[in-house]
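Report on the following structure.
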Amino acid sequence: MKKFKYELKTDPIICEHEDFMKDMHQNIIKSYEDKFFEYGYKLKYGLGWYNFIKNEGSLERLPFVNGYGCYFSVGVEKNGEVVCYDKEEGATLGIDFNISSITRFFFHLNVILCDDTDDIIEEMDKLLKIATSL
């Protein structure tokens, strides 16, 4: 994880990091597509952005402001529909991995770039285990 003060000149660094991490995540997730397909599932994945202060999400990059976040999302579908594993709670089968965020700390904005991919395999194995038990 990298942490530094946000400045306008850091915009390209954030964008490059997000693009690089998207490729890293995709390469790992692609290795699971056949495993899920064996059980009739399809994986949908990609980057998403949110602003947790405004409570808004987007499939397009949002402005770099306090509350900004980027994540890599993986969802499981069957027959073109999102798979629910707890219909009472409306819980869907999927997972999000944090890629970057911007938060205010005292009088300036801080950027956090997450670069850990170690937990992806463990989380995907859990997701597959749940999917195969449904």
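Since every read-out is calculated from the coordinates, none of them should be taken as a lab result. What you see is a predicted model; the values in this text were computed from it and never measured. FYI the Cβ positions are ideal-geometry reconstructions off the backbone, even for glycines, and counts take in every protein chain you see.
Between LYS78 and ASP115, what FRET efficiency follows from the Cβ-Cβ distance if R0 is 35 Å, with the result rounded to 0.05? Present the calculation step by step, with values, prior to reporting the outcome.
Values: r = 32 Å, r/R0 = 0.92.
After rounding, the FRET efficiency stands at 0.60.
At q = 0.17, 0.25, 0.26 Å⁻¹, what base-10 log of I(q)/I(0) does the Debye formula yield for the stretch 43-134 when every alpha carbon is treated as an equal point scatterer in vacuo?
Scattering profile of the stretch 43-134, log10 relative to I(0): -0.84, -1.24, -1.27.
Going through the cross-link list LYS54/LYS126; LYS2/LYS35; LYS54/LYS129; LYS22/LYS126; LYS87/LYS129, which pairs have a Cα-Cα distance over 25 Å in this structure?
On the way: LYS54/LYS126 31 Å; LYS2/LYS35 33 Å; LYS54/LYS129 35 Å; LYS22/LYS126 21 Å; LYS87/LYS129 18 Å.
The pairs that break the limit, which is 25 Å between Cα atoms, are LYS54/LYS126; LYS2/LYS35; LYS54/LYS129.
How many nm is it between the label spots at LEU8 and LYS30, if each spot is 7 Å from the Cα in line with the beta carbon?
3.8 nm
Could I have the simple spin-label model distance between PHE105 and CYS15, label points 7 Å from Cα toward Cβ, reported in nm to one decimal?
Simple spin-label model gives 2.5 nm for this pair.
Just to confirm the filter: which GluC sites (Glu not before Pro) across the stretch 63-124 are DSSP coil and have at most 13 other Cβ within 10 angstrom of their Cβ?
Working: sites: GLU77, GLU81, GLU88, GLU89, GLU122, GLU123; in loops: GLU88, GLU89.
Those that pass, being in a loop and sparsely packed, are GLU88, GLU89.
Give me a comma-separated list of calculated 3J(HN,Hα) values for the stretch 76-90, in order, Karplus coefficients 6.51, -1.76, 1.60 applied at θ = phi - 60°, integers in Hz, x for any Gly or Pro.
After applying 6.51 cos²θ - 1.76 cosθ + 1.60, I find 10, 10, 9, 6, x, 10, 5, 7, 9, 9, 9, 5, 5, 8, x Hz.
Residue by residue through the stretch 5-16, which ³J(HN,Hα) values in whole Hz follow from phi under the Karplus form 6.51 cos²θ - 1.76 cosθ + 1.60 (θ = phi - 60°), with glycine and proline marked x?
Once rounded to whole Hz, the list reads 5, 6, 9, 4, 5, 8, 3, x, 5, 5, 4, 4.
For the stretch 1-49, with equal point scatterers placed on the C-alpha atoms only and solvent neglected, what are the log10 I(q)/I(0) values from the Debye formula at q = 0.19, 0.24, 0.31 1/Å, to two decimals?
Here log10 of I(q) over I(0) equals -0.72, -0.92, -1.15.
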